[in-house]
Amino acid sequence: MLKIKILLKNIEGVLTDIKKTVEITPQNEVKLVVDKQDLKLAISLLKDHTALKFNLITDIIGVDRINQEGYEKRFDVIYILTSTSLQTHMKIVVSVDIDEDIPSITDLFIGADWLEREVWDMFGIPFDAHPDLRRLLTDYGFEGHPLRKDFPVYGYSEVRYDEEVGKVIYEPVKLQQDYRQFNSLSPWEGLNSQPQQDQAQAVAMPGDEKANV
Amino acid sequence: MSTEIKNFRLNFGPQHPAAHGVLRLIVELDGERIERSEPHIGLLHRGSEKLMEDKAYNQNVPFFERMDYVSAINQPYAYVLAVEKLAGIQVPKRGQYLRMLVSELSRIGSHSLSMGALANDVGAITPLILGLEIRERISEFCERASGARMHGNYIRPGGVSFDMKQELLDDILTYMDDLTNDIQACDDLLSENRIFKQRTVDIGVISAKQALSYGFTGPNLRACGVEWDIRKSQPYDAYEEIDFNIAVSSDGDTYARYAVRLFEIRETIKIVRQLIKNMPAGRHKTDDEKFTNPKRKKMQSSMESLIHHFKLFSEGYHVPAGEVYESVEAPKGEFGVYVIADGTNKPYRVKVKTTSVPHLSALNELTKGHMLSDIPAILGSIDIVFGESDR
Amino acid sequence: MTFQEFWTVDLWPLIWIVIKILCVVIPLMGAVAYISLYQRKIMAVMQLRKGPNVIGPWGLAQPLADGLKLIVKEWVIPAVADKPVFLIAPMLSFVLMLTAWAVIPFGAGLTVSNINLGVLFIFAISGLDVYGIVLAGWASNSRYAFLGGLRTTAQMISYEVSMGMIMASLLIFTGSLNLSMIVVTQQHIWFIIPFFPLAIMFFICILAETSRHPFDLPEAESELVAGYNVEYSGVLFALFQMGEYGNTILMSAVFATLFLGGWLPIFDIAPLNWIPGPLWLIAKTAVVVFVIYWLQATLPRFRYDQLMRLGWKVFLPLSLAIFIILAFIAHYNLNLVPHIMIG
């Protein structure tokens, strides 16, 4: 705990010129929120400053915030950096809207190359000045960005081998029955674990509307 | 007259016995020398991250076992730690020790297989058979503990699914002696073998600085001389109480990666012995029935337990809103999970930090200038599994 | 010409030759089939496994089952392959292997054709062997097969040179290219004892020549999948396999003939010299084959450039040096130990 507080102070000291918010999350992690134009500067300072040395890129995470409340912009991109000398992780959060691009950090960390490609693949967030921004995980010629919340779980097209044509073909998805969401929210415990929720609103459970029919 | 000289282009994979899975590697060759190699991954992409957003927290555990299927037990460990941290679940000491025990056993299985596979990739068949034999024994222990040989679904939020009997612990302890001999046999066959050394020393060299920049973790990073092990730096569960060393080599080549793994198996044997010797008594999972299923016997008499059981397996449990990154030291490197909870019974987003992707992304750097025959050796030494890199 | 004359001059010698050939080829086919079982059993014992044990007692019918499977299997000929060459290549490889057996002496006077250039004949045939593989690699029109074919060519050519040098060194002392004569000269002492370094080098050359471990680059399954025969299936594949196994036996027999005294018993004393010569040759060949598979279970594979370096920079100078030294000894009739022992 003490270590993290010192780290927080250090980060605030190093990143004096940058508009930012640094905080310790309830899960005991250091979280730094910066604007996207300050991102590269912040990461290069964190990487090179002798007191910090966040020299290992751990992950780049895209999040689609569309269903969550309290977020102005659609996407968050979270960079997780590790300092092998301080033996700790930290995360840097950048918010972007749809069709907005983010500066690429491939010149700071070579490993960011594939991680950024994955974020582009999954969320369609373009990275500015990325040397080779192609899809990473999805099929050749895939359309859409599957981890966006408006992309259905079953996707849009399915693939099979056609005996007649003699090759693999793509078709629109045909489901034998509608996709079922098993949202078994219960009135007793589901409410208790969400104390912030308004009581009157929470009492209306799925299926309640049928009671008076 | 002038003729255009074209480089020989080889499509290494997706079906290739040495690609360790479905790697498509496009290799440009000048004779047998590699000019450029470009890995294409994602042929095993199953959309686990998307599926996990649609399943309750306790239903997501098996997805992780199917990522790195070579060391299945280690992957859900990270996810379970993240869920426990978000939900505030306290795990009893015995549960922690059992989790560490199975994950260390799984590490032995993974390392012995990867050593055998490396030997097979450079042409020696026997170490692979030895490695598979070791893995088979480990699988049998997994079966006795959880009921399934590979995907045991053993580690769950709140502890482990079943307690281990003292008899099983004793058998594991006895096996550690046999294992020491088997590892010694592998060591004798390979470590000082001149052909093996010719094939691995100075092949696929990467410097510590580059490795960090690529995001290497685990044995591959330690082989470059960076002393970095999550179990030491950010100890989870009860790793603080265990005494072990981590292997570091400064060469950063294929042989160093092999040697680090070999050393790690021996250290892991040490850890397993300590864990069994110090195994605390008590429950193997938390008593909080909101997170773990109640005993069958209790369900037959207690109404509340029955409700808990039904709720747990239909709705799951609600995890308070929050975001957390948790990582464990998997056999192949740092395996992390970023979980975003929004207060419902399903995670809002789960991001898996894989161990293989950074290693794969450095493949061009590692193979450039080497011969075609070095590709299998390098692939074998960086120890990749495509179920994990493609998710 | 009377029938009598025709019978004694033309027909009977022909029939006699065919009978002699059948006497060699039929047991050889059996050996080629069972050497696969022999190999698998050796490997299994070394790897603490059981090996084939389901078909027949101790898996004895396994080779027959394998053969049957390959015979009834469909032939797949790639659309882009050069069809005639694709078909000829495995036959060539198989037939050449059989041809070389003509000069191997199984006992005193027991050889299909006791020609005076026996050693050269074997050398020539094993040099031709490379054609089967190169043609297969080329005709398959696959990049893996092509690379496998290229590697084999380079490998065989480079090791044949030092193999020739080693044989020449022996010939200085035997004074004959006839394999039966070479065996007879070993009556007092087998050549492996005075020429031990030569024997080791010749053995390694055999490994390279028949592409066995640690020189099995042409078919290195971890990088080239199966090398030159990756596109072959069914009987064509079986021919390649038989050619390969046959070559292993052939070269082991040549080694036994040149260095282990061929059909001669270990000691020329009562119970040992009752055993017929062919059995001795078979036993010696089996020992050499065992060593080959022992290495296969133990060693990793060389890389292509390392193999070439070993061939040209180590083996060739060494065998040349030995050749010159031995020639020197022979020329000045120096009474050095090996010379006396050979008598």
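The values are calculated or read from the model by the stated rules, or taken from the named source; none is laboratory data. Owing to the predicted nature of the structure, the values given are computational and were not obtained by experimental measurement. Reconstructed Cβ throughout: ideal geometry from the backbone, glycine too, with neighbour counts over all protein chains shown.
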Seminar exercise, completed: Scanning the range B:205-239 residue by residue, those outside any loop (DSSP other than H, G, I, E, B), under 11 Å from B:Pro358 (Cβ atoms), facing chain A (nearest Cβ under 10 Å) and within 17 Å of the chain's Cα centre (by Cα) turn out to be B:Leu221
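More than 14 Å from chain C (Cβ to nearest Cβ), closer than 30 Å to B:Leu372 by Cα and more than 17 Å from the chain's Cα centre (by Cα): does that describe B:His111? It would help to see each step written out before you state the result.
On the way: more than 14 Å from chain C (Cβ to nearest Cβ): yes; closer than 30 Å to B:Leu372 by Cα: yes; more than 17 Å from the chain's Cα centre (by Cα): no.
Criteria not met by B:His111.
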For this session: Give the residue, chosen from A:Asp76, A:Asp99, A:Asp107, that is surrounded by fewer than 24 Cβ atoms within 10 Å (Cβ to Cβ), within 24 Å of A:Asp139 (Cα to Cα) and modelled with pLDDT under 90.
Result: A:Asp99
Exercise. Mind checking which pairs have a first residue in the range A:87-113 that is in contact (Cβ under 8 Å) with a residue 12 or more places away in the chain and a second that is surrounded by fewer than 16 Cβ atoms within 10 Å (Cβ to Cβ) and assigned to a loop (DSSP other than H, G, I, E, B), Cβ under 6 Å, 6 or more apart or different chains?
Worked result: A:Ser95/A:Lys73; A:Val96/A:Lys73; A:Asp97/A:Lys73; A:Ser104/A:Ala129
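What are the residues in the range B:37-65 that are more than 30 Å from B:Phe12 (Cα to Cα) and not in a helix (DSSP H, G or I), if any? Spell out the reasoning first.
Of all residues in the range B:37-65, those more than 30 Å from B:Phe12 (Cα to Cα) come to B:51-62.
Of everything in the range B:37-65, those that are more than 30 Å from B:Phe12 (Cα to Cα) and not in a helix (DSSP H, G or I) turn out to be B:Glu53, B:Asp54, B:Lys55, B:Ala56, B:Asn60.
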Exercise. Hey, among the residues in the range C:191-243 that are more than 13 Å from the chain's Cα centre (by Cα) and of a type in the set (Asp, Glu), which one's modelled with the highest pLDDT?
Worked result: C:Glu231
Exercise. What are the residues in the range C:248-281 that are β-branched (Val, Ile, Thr) and more than 23 Å from C:Thr174 (Cα to Cα), if any?
Worked result: C:Thr248, C:Ile249, C:Ile269, C:Ile275
Seminar exercise, completed: Across the range B:151-192, the tally of residues that are crowded, with 20+ Cβ neighbours inside 10 Å, assigned to a loop (DSSP other than H, G, I, E, B) and more than 20 Å from the chain's Cα centre (by Cα) stands at 2
For this session: Within the range A:91-120, track down each residue that is of a type in the set (A, V, I, L, M, F, W, C), more than 14 Å from chain B (Cβ to nearest Cβ) and part of a loop (DSSP other than H, G, I, E, B).
Result: A:Ile98
For this session: Quick one: count up the residues across the range B:20-34 that are surrounded by 18 or more Cβ atoms within 10 Å (Cβ to Cβ) and modelled with pLDDT under 80.
Result: 3
Exercise. Under the condition of being among the basic types (Lys, Arg) and surrounded by 23 or more Cβ atoms within 10 Å (Cβ to Cβ), which residue from the range B:254-283 is nearest to B:Met176 (Cα to Cα)?
Worked result: B:Arg261
Exercise. From the set of residues in the range B:42-72 that are among the acidic types (Asp, Glu) and in contact with a helix residue (DSSP H, G or I) (Cβ under 9 Å, 6 or more places away or on another chain), which is surrounded by the most Cβ atoms within 10 Å (Cβ to Cβ)?
Worked result: B:Asp68
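How about the range A:44-90: which of its residues are more than 10 Å from the chain's Cα centre (by Cα) and assigned to a strand (DSSP E or B)?
Hits for the range A:44-90 are A:Leu56, A:Ile57, A:Thr58, A:Asp59, A:Ile80, A:Leu81, A:Thr82, A:Ser83, A:Thr88, A:His89, A:Met90.
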Exercise. Taking C:Ile157 and the conditions (1) under 16 Å from C:Gly127 (Cα atoms); (2) surrounded by 19 or more Cβ atoms within 10 Å (Cβ to Cβ), which numbered condition does it fall short on, given that it satisfies the others?
Worked result: (2)
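So, in the range B:158-171, how many residues would count as being under 14 Å from B:Lys93 (Cα atoms) and either basic (Lys, Arg) or touching a helix residue (DSSP H, G or I) at 6+ places or on another chain (Cβ under 6 Å) (or both)? Don't jump to the end; show me each part of the working.
If we filter the range B:158-171 for residues that are under 14 Å from B:Lys93 (Cα atoms), which is where we start, we get B:158-160, B:163-164.
Checking the rest, the ones that are also either basic (Lys, Arg) or touching a helix residue (DSSP H, G or I) at 6+ places or on another chain (Cβ under 6 Å) (or both) come to B:159-160, B:164.
The qualifying residues number 3.
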Seminar exercise, completed: Sole miss for C:Glu244 among (1) closer than 30 Å to C:Lys73 by Cα; (2) assigned to a loop (DSSP other than H, G, I, E, B) is condition (2)
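Please work out which residue is surrounded by the fewest Cβ atoms within 10 Å (Cβ to Cβ), limiting yourself to the range B:123-150 and to residues that are within 14 Å of chain C (Cβ to nearest Cβ) and in a loop (DSSP other than H, G, I, E, B). Walk me through how you get there before you give the answer.
Here is the first cut: in the range B:123-150, the residues within 14 Å of chain C (Cβ to nearest Cβ) are B:123-134, B:136-137.
Imposing the further condition that a residue be in a loop (DSSP other than H, G, I, E, B) reduces the set to B:123-125.
Working: B:Gly123: 27, B:Ala124: 25, B:Ile125: 20.
It comes out as B:Ile125.
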Exercise. Does C:Val119 count as out of contact with any Gly (no Cβ under 9 Å at 6 or more places or on another chain), under 14 Å from C:Val254 (Cα atoms) and not in a loop (DSSP other than H, G, I, E, B)?
Worked result: yes
Seminar exercise, completed: When C:Ser211 is run through (1) of a type in the set (Ser, Thr, Tyr); (2) in a loop (DSSP other than H, G, I, E, B); (3) more than 14 Å from every other protein chain (Cβ to nearest Cβ), the failure sits at (3)
Problem set entry | Unmet criterion (only one of (1) touching a strand residue (DSSP E or B) at 6+ places or on another chain (Cβ under 6 Å); (2) not in a loop (DSSP other than H, G, I, E, B)) for A:Gln37 | (1)
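Test B:Ile271 against the criterion of being of a type in the set (A, V, I, L, M), more than 14 Å from chain A (Cβ to nearest Cβ) and within 21 Å of B:Glu365 (Cβ to Cβ), and give yes or no.
no
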Exercise. Which one of these does A:Glu143 not meet: (1) farther than 30 Å from B:Pro235 by Cα; (2) surrounded by 18 or more Cβ atoms within 10 Å (Cβ to Cβ)?
Worked result: (2)
